[in-house]
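Asks: Here you go, one structure.
Taken together, the values in this text are just the output of simple stated rules run on the coordinates, not laboratory data. These numbers come from a predicted model, not from an experiment. Positions of Cβ are backbone-derived with ideal geometry, glycine not excepted, and every protein chain shown enters the neighbour counts.
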Amino acid sequence: MQLAGKVIAITGGGKGIGRALARRFAREGARHIAVADIDLPNAQAVAAEIGGSAHRVDVGNEADIAAFIEAVERTHGPIDLFCSNAGIGVGQGLDAPDAAWQKMLDVNLMAHVYAARHLVPRMIQRGGGYLLNTASAAGLLSQIGSVTYTVTKHAAVGLAEWIALTHAHQGIKVSVLCPQAVRTDMIAGNEGDVASVNGIMEPEEVAEAVVAGLAAGKFLILPHAEVTEYMQRKVADRDRWIAGMNRLHQRYHP
């Protein structure tokens, strides 16, 4: 996808990766960028900076997602690229309460489902469209220390893959963004954790990787190059990989 002249919607666009994407897409010449965030002042600040529109959206609420899509398309035209980017990290081990699980499922998985449910039929009808879903390298490799994050991010990757393989012939393109540690609020105070073993990337670096990945039509966008090698090791010998990950777990969670 070339971004110039496109209508783009971004959830979680008020800060972090979402804000970096909005700024970078604006430099590419997007026609309109709709910035959604649960924190409306943050969305308004980004929208004002790039000349876009701001929307308060709770991505865990299907009605909010549907209303956001409708508002953008009614005012600015068909959405060419929908970036389902909002995500959270709560809960840790198997003792995480059901409420934490539900919150993670709502934001890290169902938000992607809601966006696809309301957009894919429209995109098919008009000949195609592009979904960019932000997941995590944890959706490919697992996250040491957090079962809730691991499971919901694996599910997000699986959903993106299913949409891609089911609707590719109908003009639907899907990319899934899977970075390791990025300098956002999510890792604040945990900069020395296992996720940062390969370095902490700036949101702006992630946005550059996204622009390149979209231009190439890549399903997996992996800003941290090491993730490809780790995936290959995992597939080649999963027992050995699990043993190695267990050793890493013990190092960071003795």
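Asks: Cross-chain or 8 or more residues apart, Cα under 27 Å: how many lysine pairs in the chain fit that? Count them up, please.
Replies: Pairs that pass both the separation and distance tests number 14.
Asks: 222 nm [θ] for the chain, helices only, -39500 (n - 2.57) per DSSP H run of 4+, per residue, to 500?
Replies: That comes out to -15500 deg cm²/dmol.
Asks: Now for a separate question. Hey, if you put +1 on the Cβ of every Lys and Arg and -1 on every Asp and Glu Cβ in the stretch 68-195, which of 160, 143, 109 ends up farthest toward the positive end of that dipole?
Replies: Result: 160.
Asks: What list of ³J(HN,Hα) values in whole Hz, one per residue of the stretch 164-175 in order, does the Karplus curve 6.51 cos²θ - 1.76 cosθ + 1.60 (θ = phi - 60°) give from phi, with Gly and Pro shown as x?
Replies: Computed from phi, the couplings for the stretch 164-175 are 4, 6, 7, 10, 4, 6, 9, x, 8, 9, 9, 10 Hz.
Asks: If you don't mind, there's one more thing I want to ask. Given H placed 1.01 Å from N in the peptide plane, which residues other than close sequence neighbours of residue 182 have an amide H under 5 Å from its amide H?
Replies: Distant-sequence amide H within range of residue 182: 201.
Asks: To the nearest 10 degrees, how steeply does helix 111-125 sit against the main Cα axis of the chain, on a 0 to 90 scale?
Replies: Compared with the principal axis, the helix lies near 40 degrees.
Asks: Quote the charge dipole size of the stretch 60-147 about the Cα centre in Debye, to the nearest 20; the model charges only the Cβ of Lys and Arg (+1) and of Asp and Glu (-1).
Replies: My answer is approximately 260 debye.
Asks: Something else about it: Against the longest principal axis of the chain, how steep is helix 40-50, in degrees 0 to 90 to the nearest 10, with axes from Cα atoms?
Replies: Tilt of helix 40-50: around 70 degrees.
Asks: Next question, about the same structure. What angle, in degrees between 0 and 90 and rounded to the nearest 10, separates the Cα long axis of helix 16-27 from the longest principal axis of the Cα atoms of the chain?
Replies: Orientation of helix 16-27: about 40 degrees from the principal axis.
Asks: Is the stretch 9-78 best put as rounded, prolate or oblate by its Cα gyration tensor, with a ≥ b ≥ c the root eigenvalues, rounded for a/c under 1.5, and otherwise prolate when a/b is larger than b/c, oblate when not?
Replies: Values: a/c = 1.92, a/b = 1.22, b/c = 1.57.
It is oblate, given that a/c is not under 1.5 and a/b is not larger than b/c.
Asks: Oh, and also: Quick one: which of 9-17, 57-65 comes out on top by average Cβ neighbours within 10 Å, and what's the full order, highest first?
Replies: Working: 9-17: 27.2, 57-65: 20.0.
Packing order, densest peptide first, comes out as 9-17, 57-65.
Asks: Which whole-Hz ³J(HN,Hα) couplings does the stretch 235-248 yield from phi under the Karplus relation 6.51 cos²θ - 1.76 cosθ + 1.60, θ = phi - 60°, glycine and proline marked x?
Replies: Listing the rounded values in order: 5, 5, 7, 5, 4, 5, 5, 4, 4, x, 5, 5, 5, 5 Hz.
Asks: Oh, and also: In whole percent, what relative contact order does the stretch 79-213 give with Cα contacts below 8 Å and a gap of six or more residues? Could you put the intermediate results ahead of the total?
Replies: Details: 196 pairs, mean separation 34.9, N = 135.
Computed over the stretch 79-213, the figure is 26 percent.
Asks: Please label the shape of the stretch 191-254 as rounded, prolate or oblate, based on the square roots a ≥ b ≥ c of the eigenvalues of the alpha-carbon gyration tensor (a/c under 1.5 means rounded; beyond that, a/b larger than b/c means prolate, else oblate).
Replies: Here the stretch 191-254 falls in the oblate category.
Asks: Next question, about the same structure. Can you give me the long-range amide H partners of residue 31? Hydrogens built in the peptide plane at 1.01 Å from N, cutoff under 5 Å, separation of 5 or more residues or another chain.
Replies: 5, 6, 7
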